[in-house]
Amino acid sequence: MRVCGIEIKGSDSVLVVLEGEAKDFQTIDCDIRKISIENTENSYDIKNFHKNFKKFVIDENIDIVGVKKRNTKGRFAGGALSFKMEALIQLLDVKIVLLPSATIAKSIKKKNPDYPEDLKKYQHGAFETGFALLQT
């Protein structure tokens with residue numbers, strides 16, 4: 001199984017692709033590490049984000065996409081743009097799973113995975129999301 005873990009940060013969707021099963025998986029090196037929306041008020045850029053995401057999912061043969069869920073209320077609530085991006089991702093023709101932060105943290109604490117050396121620091125949240133998705 002090939003999964004894509006996503007963490008939405010600002011106008012960026014940070015991506016990590018994992019392949020395998022819960023106990024035996026590997027990180028897939030992709031040229032694309034994030035997909036962004038340049039101008040959130042321009043419909044062309046919004047459509048382009050969706051098109052680029054769709055192409056990524058097809059090109060990388062993704063079976064399931066896991067998105068780190070953001071809070072809707074409170075101090076750490078996600079912004080309007082992050083929910084717009086999430087909706088565009090959910091329109092893809094692939095299974096989408098929203099993973100709460102608590103589920104991800106529990107999975108990381110329980111299994112304590114090794115982070116791949118070639119993983120950029122900003123990709124850790126996306127890796128953790130993909131890892132938790134493989135565990136479910």
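For the condition under 13 Å from the mean Cα position of the chain (by Cα) and either modelled with pLDDT under 95 or more than 11 Å from Val67 (Cβ to Cβ) (or both), what is the one hit in Lys111, Lys120, Lys84, Lys95? Of Lys111, Lys120, Lys84, Lys95, the one residue that is under 13 Å from the mean Cα position of the chain (by Cα) and either modelled with pLDDT under 95 or more than 11 Å from Val67 (Cβ to Cβ) (or both) is Lys95. The set of residues in the range 11-33 being over 18 Å from Met1 (Cα atoms), touching a residue at least 40 places away in the same chain (Cβ under 8 Å) and assigned to a strand (DSSP E or B) consists of Ser13, Val14.
hydroxyl-bearing (Ser, Thr, Tyr), over 16 Å from Ser11 (Cβ atoms) and exposed (fewer than 12 other Cβ atoms within 10 Å of the Cβ): is that true of Thr72 in this structure? Yes, satisfied.
Evaluate the range 12-28: report whether one residue or more is more than 23 Å from Phe131 (Cβ to Cβ) and among the small types (Gly, Ala, Ser). Within the range 12-28, not a single residue is more than 23 Å from Phe131 (Cβ to Cβ) and among the small types (Gly, Ala, Ser).
Tyr122 passes every criterion in (1) in contact with a Lys or Arg (Cβ under 8 Å, 6 or more places away or on another chain); (2) in a strand (DSSP E or B) apart from (2).
The values are calculated or read from the model by the stated rules, or taken from the named source; none is laboratory data. This is a predicted model, so every value here is computed, not measured. Glycine also receives a Cβ, built like all others from the backbone with ideal geometry; neighbour counts cover every protein chain displayed.
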